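We did not get these values from a lab; they are worked out from the coordinates using the rules stated. Source: prediction; values computed, not measured. Reconstructed Cβ throughout: ideal geometry from the backbone, glycine too, with neighbour counts over all protein chains shown.
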């Protein structure tokens, strides 16, 4: 069927397949219900839904604790917050650029990736993204489990030793709390995306209100914001500050580098480009910075309130679970831990389940559904052993965040260069689901995109193994993005797959 005859383009630019074309691709081995293009009539996410999504995802414990890693590296409070604000403003750019095709065509990230990587080659970026998400799922599930453990300990004083001595450095009841929270995530996954939207809508304001109350209490109790706001920076010259600044800036970009790829998973439900752009732009940089600032001020005041604690316990006040554990009132502990559970649940499902569930479904569309993909995500999240990643702030920020940002940047470079500069926002929607179409390339793989991605990853990570090239690793996301974007654009022009280019000139 001719591209112009199989789609409907609405006045606002959104596109959907006509009924006959939809019925035809539904028999394809590359199609399943979870990967199908969303009909325009079913796209009901508003500006508030996208703002609420980001507010609820940003209101998580890792965001709260971001500043602690930066301040422990020698920054003062305002240097840390500026680094967080700048990093999230930068990562907002690829987020918005990759959001556009989701809203226009109603397609999820792995299907969008078929245009640049090929119908089968899209599994490369999809599975790279999925593995990182599994790691994040495990991290958030462990944090949520800690919150449940603190809650149970407040209600049942003997809870930490109820099932005997430590196993693997943690009490058996701590492992049990982790598995309970893990199971709650899986339950919501099996209920579907509409329940997720409802959870995000009420979790966003609830978490903000509760954190604001905790901040007000801490400042009142300490008679002011306290200790950290008066701490000077350890860096007195730009030359000393620059290496640390760019490494941490890259880590801040890495924090949401995963979502910069798979926002089509959410924007495919958008009512308009304008609404998704405004919702995301207003919510992401501001919420991340404000919530991190709340973490700084609460911790600063807590160091005054609990200054009589042993030094090792004072150093743990950055962790809200440890901080709340010092509250004598059971009802305060209960409400605080419920807030942590809600915050962690909201971010974990939205940020770390939707994408890998779709990604695994894309790899095996006939065998893996969204629900089964979510279960696989949860299992891999346990196998990654997230408790080890969280043991050390340097391992978490400089290793985990900076490391994977290079790979995510390389994929983002290919996707953005391909959609905006090679195809100029035109896709043959039906052929994204056809084994024999303009995105088949060579056996389903576009070798140009694969080469560009591998080169981006190589230059982003080579500094780990070659000390003289360490600065490349410190700028991992920027290096991966720049190398892959330029390489892909050049290869698509020099060795152009003419079939796809000609077909898209007539597409919408």
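Can you give me the C-alpha center-to-center distance between region 221-246 and region 437-487, rounded to a whole angstrom?
First find each Cα centre; the distance between them is then 35 Å.
Take the alpha-carbon centre of region 249-299, take the same for region 121-180, and report the distance between them in whole Å.
25
So for 24, 16, 146, fewest C-beta neighbours within 10 Å to most, what's the order? Each step should come with its number before you reach the end.
Working: 24 17, 16 22, 146 25.
Least crowded to most crowded, the residues run 24, 16, 146.
Could you put 250, 63 in order, starting from the residue whose Cβ has the fewest other Cβ atoms within 10 Å?
Values: 250 28, 63 23.
Arranged by neighbour count, lowest to highest, 250, 63 become 63, 250.
Over the Cα atoms of region 70-228, what radius of gyration and what Dmax do you get, in Å?
21.1, 61
Taking the mean number of other Cβ atoms within 10 Å as a proxy for protection, how do you rank 111-123, 49-61 from highest to lowest? Don't skip to the answer; put the middle values down first.
Details: 111-123: 27.5, 49-61: 25.9.
Sorting 111-123, 49-61 by mean packing, highest first, produces 111-123, 49-61.
With contacts defined as alpha carbon pairs under 8 Å and 6 or more residues apart, what's the relative contact order of region 3-505 in percent?
Details: 882 pairs, mean separation 146.8, N = 503.
It rounds to 29 percent for region 3-505.
For region 12-157, take every pair of Cα atoms, bin their distances at 10 Å starting from 0, and report each bin as a whole percent.
9, 25, 31, 21, 11, 3, 0
Using packing as a proxy for protection, rank 410-416, 268-274, 293-299, 331-337 so that the peptide with the highest average count of other Cβ atoms within 10 Å comes first.
410-416, 293-299, 268-274, 331-337
Hey, could you get me the Stokes-Einstein D for the chain, Kirkwood radius over alpha-carbon pairs, 37 °C and 0.692 mPa s, rounded to whole µm² s⁻¹? Could the numbers behind the result be given before it?
Details: Rh = 23.5 Å.
Rounded to a whole number, D works out at 140 µm²/s.
Against the longest alpha carbon principal axis of the chain, how many degrees, from 0 to 90 and to the nearest 10, is the axis of helix 77-105 turned?
Once rounded, the angle reads 30 degrees.
Compute the angle between helix 402-416 and the longest alpha-carbon principal axis of the chain, please, reported from 0 to 90 degrees and rounded to the nearest 10.
For helix 402-416, the angle is close to 30 degrees.
Relative to the compact-globule scaling 2.2 N^0.38 Å, provide the ratio for the alpha-carbon radius of gyration of region 33-119. Each step should come with its number before you reach the end.
Working: Rg = 17.5 Å, N = 87, 2.2 N^0.38 = 12.0 Å.
Output field value: 1.46.
Kirkwood-based Rg over Rh for region 225-375 (C-alpha set), two decimals? Working shown, then result.
Working: Rg = 20.4 Å, Rh = 19.3 Å.
Answer for region 225-375: 1.06.
Taking the chain as the reference, fit the longest principal axis to its C-alpha atoms, fit the long axis of helix 447-465 to the helix C-alpha atoms, and give the angle between the two in degrees, 0 to 90, nearest 10.
The two axes meet at around 30 degrees.
By counting other Cβ atoms within 10 Å of each Cβ, how are 424, 248, 18 ranked from fewest to most?
Arranged by neighbour count, lowest to highest, 424, 248, 18 become 424, 18, 248.
Distances over 16 Å make up what percent of all Cα-Cα pairs in region 96-180?
The calculated P(r) of region 96-180 puts 66 percent of pairs beyond 16 Å.
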